[in-house]
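What follows is one structure encoded as structure tokens, with my remarks underneath.
The values are calculated or read from the model by the stated rules, or taken from the named source; none is laboratory data. For clarity, every value in this text was computed on a predicted model and none was experimentally measured. Note: ideal-geometry Cβ built from the backbone for every residue, glycine included; neighbour counts use all protein chains shown.
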Amino acid sequence: MMTDAPSGNRLITDLKSIPSPVFYIFAAVAFFCGFFVYGITLKGLITSLFILLLVACASSDIKAGIVPDLILIFIAVLGVICFLTVEGWSVTGLITHIIGAFCVSVPMLILALIIKGAFGGGDIKLMAAAGLYLGWQYSMAGFMIGMCIAGIYGIYLLAVKRAKARQKVRLVPFLVYGLATVSLFGKQIINALLNVPLSY
């Protein structure tokens, strides 16, 4: 009896959907963003790697409509590394990051179960992995930024009659933009708009 390819093989195969001109262009820029904002530091390196992985997710979604699970695993692991090295261990920080993994992804999952096609599995898993990396404040802020931009883009498509009312807009590139933005300027954005002081 024929069986499906091992899941490990699929993890590697999905990575083939990443390379594209869009990826190479934005990856080159993304890699220096963290260093530009945080300097030549460990925080700068980890942030640059995070944004680079986000760009890989966006490129894969644009090219093949998938978000490679292996990239999401890397993002989650990077979040753990950042928490233990840059931020420093604390119970409060641990709770913040654990909540971050679920505060957006779980509502998205529930909505997807209620409304067919509301969100894709890649959207949900991306927010879970990125939420673990960012923590709940940044995760929610990044999600809101991404959804706002996606909404504006959808309205634009409808206005120029390039999309039907029920046509689905791929969210990952917009979520990536929001998540990357808060990873660089999250403290300033949240303090300015929501007046929520952050200690890290």
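Can you confirm whether Ser60 is part of a helix (DSSP H, G or I), of a type in the set (S, T, N, Q) and in contact (Cβ under 8 Å) with a residue 40 or more places away in the chain?
For Ser60, the condition - part of a helix (DSSP H, G or I), of a type in the set (S, T, N, Q) and in contact (Cβ under 8 Å) with a residue 40 or more places away in the chain - is met.
Filter segment 38-55 down to residues that are in contact (Cβ under 8 Å) with a residue 12 or more places away in the chain and of a type in the set (Val, Ile, Thr) and give me whichever is nearest to Lys187 (Cα to Cα).
The residue in question is Thr47.
Just the residues that are surrounded by fewer than 24 Cβ atoms within 10 Å (Cβ to Cβ) and under 12 Å from the mean Cα position of the chain (by Cα), please, taken from segment 124-140.
Scanning segment 124-140 gives Ile124, Lys125, Ala128, Met140.
Picking from Ala76, Ala118, Ala58, which residue would you name as being surrounded by 22 or more Cβ atoms within 10 Å (Cβ to Cβ), in contact with a Leu (Cβ under 9 Å, 6 or more places away or on another chain) and not hydroxyl-bearing (Ser, Thr, Tyr)?
Step by step, each of Ala76, Ala118, Ala58 is checked, and only Ala58 is surrounded by 22 or more Cβ atoms within 10 Å (Cβ to Cβ), in contact with a Leu (Cβ under 9 Å, 6 or more places away or on another chain) and not hydroxyl-bearing (Ser, Thr, Tyr).
Filter segment 1-52 down to residues that are of a type in the set (A, V, I, L, M), loosely packed, with under 12 Cβ neighbours inside 10 Å, under 23 Å from Ala64 (Cα atoms) and modelled with pLDDT of 75 or more, then give me how many there are.
Total meeting the criteria: 1.
Return the residues of segment 86-111 that are of a type in the set (S, T, N, Q) and either touching a residue at least 60 places away in the same chain (Cβ under 8 Å) or surrounded by fewer than 16 Cβ atoms within 10 Å (Cβ to Cβ) (or both); say none if nothing qualifies.
Ser90, Thr92
Going by what's in this entry, would Ile66 be described as surrounded by 16 or more Cβ atoms within 10 Å (Cβ to Cβ) and either out of contact with any Pro (no Cβ under 9 Å at 6 or more places or on another chain) or part of a helix (DSSP H, G or I) (or both)?
It is true that Ile66 is surrounded by 16 or more Cβ atoms within 10 Å (Cβ to Cβ) and either out of contact with any Pro (no Cβ under 9 Å at 6 or more places or on another chain) or part of a helix (DSSP H, G or I) (or both).
Six or more apart or on different chains, Cβ under 6 Å: which pairs go from a residue in segment 119-130 that's modelled with pLDDT under 95 to one that's β-branched (Val, Ile, Thr) and outside any helix (DSSP H, G or I)? Could you list them?
The qualifying pairs are Gly122/Val67.
Within segment 167-190, take every residue that is at pLDDT below 80 and more than 18 Å from the chain's Cα centre (by Cα) and give me the one that is nearest to Ile145 (Cα to Cα).
Lys168
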